[in-house]
Amino acid sequence: MNKSISFSLALLFLIISLPSIAQEQGTARPQLILRESVQGMSKGERQEVRVLTASINPGDKTLFHTHRFPVTVYILEGAFTLELEGREPITVKTGQAVVEPPNVRMTGYNRSSTEPLRVVIFYVSDPDTPFLDPIH
């Protein structure tokens with residue numbers, strides 16, 4: 001019985017100390033920036049993952065366009081104003097991310113007159129799918 005109590009106490013100590021062990025100095029821990037359920041992901045046998053960067057000068061905008069699959073945009077610097085057709089504009093700032101839905105007409109702006117905008121873009125699609133489809 002003493003072995004059982006000793007084992008139980010040791011197990012309890014381990015469970016209680018796990019969070020502090022996981023936060024030891026020098027241990028990297030990811031920080032969640034965005035968690036969102038999406039529709040329209042590629043369902044093919046293979047997918048192509050693309051990570052792109054873009055800089056948008058003060059006052060500039062993207063083409064009016066659509067994407068065939070969801071696009072995730074992470075803001076490195078500045079503020080990104082996204083206008084999706086039929087919806088209110090949203091502004092995403094440094095350290096934040098947004099998912100652009102597929103098959104929605106949109107454009108994005110750097111509304112600042114002085115600050116640059118730098119973003120990282122994550123795109124998962126069927127292989128060789130164009131990143132965007134311009135709307136003329």
* For segment 47-79, how many residues meet the condition of being out of contact with any Leu (no Cβ under 9 Å at 6 or more places or on another chain), free of Cβ contacts under 8 Å to residues at least 60 places away in the same chain and within 17 Å of Phe122 (Cα to Cα)? -> 1
* segment 99-124, subset in contact with a Gly (Cβ under 9 Å, 6 or more places away or on another chain) and among the hydroxyl-bearing types (Ser, Thr, Tyr), residue nearest to Ser55 (Cα to Cα) -> Tyr109
* Condition check for Glu115: within 17 Å of the chain's Cα centre (by Cα) and touching a residue at least 40 places away in the same chain (Cβ under 8 Å) -> no
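Every read-out reported here was derived from the displayed coordinates using simple, explicitly stated rules and does not represent laboratory data. Since the model is a prediction, treat every value here as computed from it, not as a measurement. With ideal geometry, Cβ positions are generated from the backbone for all residues, glycine too; neighbour counts draw on all protein chains shown.
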